[in-house]
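A short write-up of the structure that comes next.
The values are calculated or read from the model by the stated rules, or taken from the named source; none is laboratory data. None of these values were measured; they are calculated from a predicted model. No Cβ is skipped: glycine too gets one built from the backbone with ideal geometry, and neighbour counts run over all protein chains shown. In case anyone asks, the SASA skips ligands and DNA or RNA and just uses the protein heavy atoms, side chains included. Shrake-Rupley method; radii C 1.70, N 1.55, O 1.52, S 1.80 Å.
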Amino acid sequence: MERRRAHLEITGMSCATCSGTVEDAVADLEGVEEASANFATDEGTVAYDPERVSLSEIYAAIDDAGFEAAAETRTITVMGMSCATCSGAVADAVEELPGVLRADVNFASDEARIAYNPVDASLGDVYAAIEGAGYEPVREDGDDGADDQRERAVQRELRRQRRLVVGGGLLTLPFVPMMIEMLYALAGASSPIPMAIAHPPGWLEFVLATLLMATLGKEFVVGAYRAFAHDRRANMDTLVAMGTSAGYVYSTAVLAGLVASEGLYFEAVAFILWFITLGNWLEVRSKARAGNALRELLEMEADEATVVRDGEERQVPLEEVRPGDVLKVRPGEKIPTDGVVVDGQSAVDESMLTGESVPVEKGADDEVVGATINENGVLLVEATNVGSETAIQQIVDRVKEAQSRQPEIQRLVDRVSAYFVPAVIVNAVVWALLWLAAPETLFAVSSWLGSWIPILEPVGGGPAVAVPGTDVGVPLVEFSVVVLASALLIACPCALGLATPAATMVGSTLAATNGVLFKGGDVLEQVRGIDTVVFDKTGTLTHGEMVLTDVEPVGEPIADGGAVAGDGDAATGPEPDRQEPLESFVLGAAATAESGSEHPIARAIVEAADERDVAVDTPTDFENVPGKGVRAETDRGTVLIGRRTLLEDNGVDTAPAEETLSQLESEGKTAMPVAVDGQLRGVLAVADEVRESARETVAELRDRGIDVVMLTGDNERTARAVAEDVGIDPENVRAEVLPEDKADHVDVLQAGDGPTAGGERETGGRRVMMVGDGVNDAPALTTAQVGVAIGSGTDVAIESADVTLMRDDPADVLKAVNISEATISKVRQNLFWAFVYNTTLLPIASLGLLNPALAALAMATSSVSVMTNSLAFAAYDPHEEYRPAITRPLAWLRR
């Protein structure tokens, strides 16, 4: 039994109880033998059996206990991978290192995303593990960034592949007449090429084929040996190496007179190697193109910034800008880094961030994002996030994370790929032996199939023993070698391996350039299956900018001088000491109480008081009652403002204001009774404007058969008024929901206990997407199948979300759904063609109906076609619902 010891740096422990909590959480895991934590040094040690528990599970247990163990994540470019088997070998080699939590390797992007414990593992260890597996990691250089090094590595690989294609093409050129003659023969026509040109001397064929095997063939032989020597695996290189070696060795034996035959297959060897090398070059080019969008995002950053220090302007490199620096941005210039406008007014082009072409107006206190373009006025911007903390750097990092996490369907493909190459080898060997054992029977089957498909016929006329008394046919051993080579070369694990990561790579990049960030390819898959979208009301369906609309005193009007006209009543109680109108008194008392809160409603009340010149003092005592309101000691007395229940719990009768409250709530406003010193004084109402895009978004979601639910802390009347405005069914409104209860409502929906839009009970659980923007939404975002944080949301909400929308616009929910559906549709298209290709052509090759050179051409074409199909997806507009090209004419006819 292997025993490992992990040394962890743990943050968040403040006492012995904390360290004990960590120890208990980790010790409860099966496979952990010993766990200790020291809060004084913020360190922990865990002894565990890696066969029974993983380091990532230990980290998760610490996180669930409310603490955090230090970990670092790096993206490393890995060159030399040729298929999904290669990426699996790299992942296995890295994950075997002590201290590595997780290794996600993407063959399509040639990248490995490694999460590791910096105490027990280092980048040097990771590089060594990758090299030990037989692949080439691009090491970080202190002078250049990782992206620059990756770009250089990709360009080097492109140049190398191009040299191989050009050099191999020149060596293959003499075999072209022979291939043309073969194509004429397949068409049943005589070739115009003279025999001497179409069939060069055998020794010349041998020399050319030997040179090709020593150059192009070496790439595949070395790759096959590397895969087998390091972890006893077979990959795509294995298939090519075996297929070409079989043809080369057999032809050499014939030329040397060791085998009685006249058939040479040097031309097949030449075309096999050149076709597949050409395919590899095109594939590398396609991968580079797929990653261009991300690189272009980073290249949009400004190189320099104008810093204003002590009244003087200085041009400095972007790397020298620090948080707090004030930057001057002139019209037409790029905003150098994330920041807040401190002076000036302008329109800013944020299309690179959101995909929307309309510039956004910016003024004092507005946030701006680095690399966006200032359209007209001069702006002074205080830098907030710089370097790797900027939004654009975070977007790129988020996209790379998304590309490293593949959909569930890819796991099935990976399992198939793990057995695919060995199965192909076994299949090829078995069919070659079967042809040797029963050529007549198999020839009958092959000929029958060829009669149904005119372009197919047994290679060389079939084995000579199966067609006695004719001039057609080739020796049986030769035909078996042809079957062996064709059955090996026709199989394409590349197409299978590229199908999913190529589509998700393009899809996640497309999403990022349109203001939608997915945490992973698995999230893309989950979004596609959503049947219910839950919106938090404030800040999501509405602007989240509350405005005070009504101040309604309760009781007798105030006469001149502040005295009540009449004797007053029990509802209003004693009049205030200060001489001011009751309306001003109510607003002033409420504003003073709310001045201690950062809630949007509180800010609206305080701002309204300032605008009306109502005195606002500082409360001497302030208490926020979660989900109900506030209680505060003010110069006007003890103030209660919030829900009816808050006042009633404190013995204040709200009945005299019920009619006013109901009227305001029916108008979609949030109405709050105000009490001072135990007496009801009035009602305040605030309103939050519904976003125009909210109505369109809800209508579009419902048209697609998706239920829309609204969660809000507002009372039932206000909630229903807003729901009616945006088009949500009253049955799908959850009102008066306390912040801590939002996650419970999501759980109820996912368990299938809520009503449907028609008011009936659910019989099965729903797949819920939760859309929110605040701290209170974070638990619900985590609970939901898919959590979506909109751009104006807090950091904690964004961190809890699976999808982040860069704009504070619910319409981008549709973008997320469209991109998800489009990406997974592309994945399925790619997988369909990859499986169809392999399942159709493998039997044809096994029956001796396919020349090895044509098999190699088909193999190269399949992987290139998958990349091409994925790249075509980059032109998709996510504002529109995705339709595969084949169905677009039908959609046009339905209009």
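Specify which residue in the list Val368, Leu170, Ala91 is farthest towards the positive end of the charge dipole of the chain, using unit charges on the beta carbon of Lys, Arg (+1) and Asp, Glu (-1), about the Cα centre.
Selected residue: Leu170.
Within the set of other residues whose C-beta is less than 11 Å from the C-beta of Leu379, count the net charge using Lys and Arg as +1 and Asp and Glu as -1.
Values: positive: Lys328, Arg330, Lys362; negative: Glu333, Asp343, Asp366, Glu375, Glu382.
Summing Lys and Arg as +1 and Asp and Glu as -1 gives -2.
Mind ranking 198-208, 660-670 by how tightly packed they are, going by the mean number of other C-beta atoms within 10 angstrom, highest first?
Values: 198-208: 15.2, 660-670: 19.5.
Per-residue mean Cβ counts within 10 Å order the peptides as 660-670, 198-208.
Peptides 226-236, 810-820: what's the order by average Cβ count within 10 Å, highest mean first?
810-820, 226-236
Counting only helical runs of four or more DSSP H residues, what would the 222 nm mean residue ellipticity of the chain come to if each run contributes -39,500 (n - 2.57) and the total is spread over all its residues? Can you show the working numbers first?
On the way: 29 runs with 422 residues, N = 895.
Theoretical 222 nm ellipticity from helices: -15500 deg cm²/dmol.
Relative to the longest principal Cα axis of the chain, at what angle does helix 812-846 sit, 0 to 90 degrees, rounded to 10?
The angle comes out at about 20 degrees.
Would you work out the relative contact order for the chain, in percent, from Cα pairs under 8 angstrom that are 6 or more residues apart?
Numbers: 1759 pairs, mean separation 100.0, N = 895.
Contact order relative to length: 11 percent.
Determine, at each q value in 0.10, 0.20 (inverse angstroms), the log₁₀ of I(q)/I(0) that the Debye formula gives when each Cα of the range 4-149 is one equal point scatterer.
-0.39, -1.08
At 1.4 Å probe size, with every protein chain present, just tell me what the per residue accessible area of the chain comes to in Å².
Details: 38770 Å² over 895 residues.
Roughly 43 Å² per residue, with all protein chains present.
Give me log10 I(q)/I(0) at q = 0.11, 0.14, 0.16, 0.21 Å⁻¹ for the range 150-284, Debye formula, one equal scatterer per alpha-carbon, no solvent.
-0.46, -0.71, -0.89, -1.26
Which entry is the computed log10 I(q)/I(0) by the Debye sum over Cα atoms at q = 0.04, 0.09 Å⁻¹ for this structure: (i) -0.89, -1.17; (ii) -0.22, -1.08; (iii) -0.27, -1.06?
(iii)
Å³ per residue of the Cα convex hull, for the range 322-385?
On the way: hull volume 4.1 nm³, N = 64.
In the range 322-385, the Cα hull volume divided by residue count equals 64 Å³.
Calculate, in nm to one decimal, what Ala253 and Thr470 gain on full extension: separation in residues at 0.36 nm each, minus their alpha carbon distance.
Details: separation 217, 0.36 × 217 = 78.12 nm, distance 2.56 nm.
So the extension gain works out to 75.6 nm.
May I ask you to derive the relative contact order of the range 322-385, considering only C-alpha pairs under 8 Å and at least 6 residues apart, and to give it as an integer percent? If you can, show how the numbers build up before the last one.
Working: 173 pairs, mean separation 33.6, N = 64.
That works out to 52 percent.
Excluding same-chain pairs closer than 8 in sequence, count the lysine pairs in the chain whose Cα atoms lie under 28 Å apart.
28
Under 8 Å for C-alpha pairs, at least 6 residues apart: give me the relative contact order for the range 4-149, rounded to a whole percent. Please report the intermediate quantities before stating the final value.
Numbers: 260 pairs, mean separation 31.5, N = 146.
Dividing the mean separation by the residue count of the range 4-149 yields 22 percent.
Where nothing but the Cβ of Lys and Arg (+1) and of Asp and Glu (-1) is charged, how large is the charge dipole of the chain around its Cα centre, in debye to the nearest 20?
Details: 67 positive and 142 negative charges, 1359 e Å.
Rounded to the nearest 20 debye, it is 6520 debye.
If you fit an axis through the alpha-carbon atoms of helix 439-452 and take the longest principal axis of the Cα set of the chain, what angle between them do you get, 0 to 90°, nearest 10?
With rounding to tens, the tilt is 60 degrees.
May I ask you to order 713-725, 33-45 by the average number of other C-beta atoms within 10 Å around their residues, highest value first?
Numbers: 713-725: 20.5, 33-45: 16.7.
Highest mean packing first, the order is 713-725, 33-45.
If each residue of separation counts as 0.36 nm, what is the full-extension length gain between Ser122 and Asp703 once their alpha-carbon separation is subtracted? Walk me through the numbers before you get to the answer.
Details: separation 581, 0.36 × 581 = 209.16 nm, distance 5.22 nm.
Taking 0.36 nm per residue and subtracting the Cα distance, the gain is 203.9 nm.
Please compute the net charge surrounding Leu164, taking Lys and Arg as +1 and Asp and Glu as -1 over other residues with Cβ under 12 Å from its Cβ. Walk me through the numbers on the way to the answer.
Numbers: positive: Arg159, Arg160, Arg162, Arg163, Lys218; negative: Glu157, Glu219.
Its environment carries a net charge of +3.
Ignoring ligands, DNA and RNA, what percent of the accessible area of the chain is carbon or sulfur (1.4 Å)? Walk me through the numbers before you get to the answer.
Numbers: 20500 of 38770 Å².
Using a 1.4 Å probe with all protein chains present, the chain comes out at 53 percent carbon and sulfur.
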